[in-house]
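Each value in this text was obtained by applying a stated rule to the coordinates, not by laboratory testing. All figures in this text were calculated on a predicted structure; none of them were measured in a lab.
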Amino acid sequence: MTNLKNIKIKRENLPAATVKLTITVPVADWNSFEEEILENLKLSLNIPGFRAGKAPQNLVRGQIEEDKLAQEVLERILPLSYGEAVKKEKIKPIGAPRVKIIQFEKGKDFKYEAEIALYPEIKLGDYKKIKIAKPKVKLDKKDVDRELSLLIKRFADFKETKKNALKDNRVLIDFKTQTEKGEEIADFNGQNEPVVIGGDNLIKDFSEKLEGKKAGDKIEFVATLPKDFQKTGLAGQKVKFLIEVKSVQEVIEPTMKELAKKLGHEKEEELREKITEYLSGQKEKQAENEWENMLVEKVAAKSKVEVAPALVEQEQERLIGQISQDLAMQGQTLDAFLAKVKSTKDEFAAQFKAQAEKNLTFSFILQAIADKEKISVSDKEIEVAMQKEKMNLKMQGHKDEEIEKHQAEDSHKQSISSHLKLDKALAKLKEINV
C-alpha cells in the first residue's frame, strides 16, 4: 500500500483552541493510489482476449470513468493524509475537521485545508470553595390538589347528549381552515377534535362560538391565532374556521373514592400519599439539577475555557438532531417544521448556540476536575453501564443485533467511559461543596 510520508504540512495556530493545517499530497502519491485502485479493479474485470488480472492498465482505465476514479482516490487519500498530518504535528483533535479543498486537478498536487478543534487549555478556578446551598424543596397542599384535579379530568368518562353544549361539556368537532383570502390551508384541519366549553383551549374563541350548539350544527368564524402558534407558520394571523359539531358530551368526573380505586388504592388517603411522594420526588430531582447547574456555573465563572467554534457547531447539530427525533416521533420532519415556522436551518441553529457553548464549557470544566482529582473509570463500571443501556434500548423496541452493532463501535466504550467520568466529577464537586 502506498504510504504518505512525503506530504507537506503548513500549520497555523488559530484562536479558540483551533489549528489549521494546509496539507499537500504530491501528485506522485496520487498517481500511486490510482495505480493501486486500477490493479485491484483489473482482478475483477473480464476483458475479452485477456486472462483475469492480465489486461493492460490502459484497457482497465477505459473501464472506469475518470471522475469516478478520482473520487475513489480522494476517498482513500483524504483520511490517510489527514491522519498522517495529525500524527506528524502531534495534534489531538476533538471531533471531525472542517475540510476545504484548495487544489483537486489531474496532474497536479492535491491540496486542502483542515481546520481542527483541539482540547482547550483550561484555567480551572478554585472549585473547592463555592459552597452553594442546595435549594430547599417545599411541597404545598395546593400542588397535590392540582395533581389530583388533573387526574380526575384524565380519568373522566364521557356521555353523549342531544342537548345544546353547556359549560364544561366536551364537544367533538371536524374543522377546516382558510386564509383571509379564502384559500384552504391544507395542513391545518382536524376530525373529532375535542373542545371543552370554558376549558383551556388553544383557540379561545372556540368556547364562546361552540357554547349552545348541538350535534350537526355548522358554524364559521374568524379567529386570530396566538403569537406563539407554530403549527402552520401563521402565528398571529387571522384564520377562518369552518366547523361541524359531531357530538356533544357530558363530562362525568370520578369521585375521589372512585379515582383511588381506579388507581389501585383502597382509600383516598393512600392515593394522596402516593401523589405526595411522587411530587416530592419530582421536586427533589428538579432541585438537585438546579443545584448541579449552579455549582458548575460558579466554577465556570471562576475559570477560563475557550471552546473551538467547530465544536459549538457540532453540538448545535446534536441538539437539532434531538429535536428532529422528537418531531419524527410525532410524524413530522424537521424540514416540514422549518417550512411551517418560516425559518431556515441556520436561523433555527442560531437559537441553540448559547446552549451548545454552555454544554461544552460544562463538559470541559468537569473533565478538568476529573483530571485534577485523578478520577478514573473501571472496565467493570463501563460493562455495567452498557448493560443498563442495552436494557433501556430493548425496552424502546430495538433489536439485539442493532444494539450489539451500536455497542461494538470503536468510539462507544470511550463515550460511555467519558460520561461516567463526568458524572463522577460532578458527584465529587457536590461532595466537596456540601
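Based on the Kirkwood approach, the hydrodynamic radius assigned to region 170-256 is 13.7 Å, with every pair of different Cα atoms included. A viscosity of 1.306 mPa s and a temperature of 10 °C, combined with the Kirkwood radius over C-alpha pairs in the Stokes-Einstein formula, give the chain a diffusion coefficient of 55 µm²/s.
A straight chain from Val222 to Val27 at 0.36 nm per residue would run longer than the Cα-Cα distance by 63.3 nm. Past the 26 Å Cα-Cα mark, which pairs from Lys153/Lys209; Lys227/Lys345; Lys345/Lys405? Long pairs (Cα-Cα over 26 Å): Lys345/Lys405.
Scalar couplings 3J(HN,Hα) for region 170-179, obtained by applying the Karplus form with A = 6.51, B = -1.76, C = 1.60 to θ = phi - 60°, are 9, 10, 9, 10, 9, 9, 10, 10, 9, 6 Hz; x denotes Gly and Pro. For Ile185, the residues whose modelled amide H falls within less than 5 Å of its own, excluding neighbours fewer than 5 places apart on the same chain, are Thr177, Gln178, Thr179. The Cα atoms of region 282-432 give a gyration tensor whose axes a ≥ b ≥ c have a/c of 1.5 or more with a/b no greater than b/c, which makes the shape oblate. Stretched out straight at 0.36 nm per residue, the stretch from Glu288 to Glu208 would grow longer than its current Cα-Cα span by 24.4 nm.
Give Lys138/Lys283; Lys162/Lys262; Lys8/Lys111; Lys134/Lys283 a once-over and call out the pairs whose C-alpha atoms are over 18 Å from each other. Flagged as over cut-off: Lys162/Lys262. As a quick test, which of the pairs Lys10/Lys353; Lys167/Lys218; Lys136/Lys267 have an alpha carbon distance above 26 angstrom in this structure? Listed pairs above 26 Å: Lys10/Lys353; Lys136/Lys267.
Applied to region 389-395, the Karplus parametrisation 6.51 cos²θ - 1.76 cosθ + 1.60 on θ = phi - 60° returns per-residue 3J(HN,Hα) values of 4, 4, 5, 5, 5, 5, 5 Hz, with x for Gly and Pro.
Over all orientations, region 112-178 has a Cα convex hull whose mean projected area works out to 16.2 square nanometres. Residues whose amide H falls under 5 Å from that of Ile173, counting only those 5 or more places apart or on a different chain, are Asn192, Glu193, Val195, Lys246, with hydrogens built in the peptide plane.
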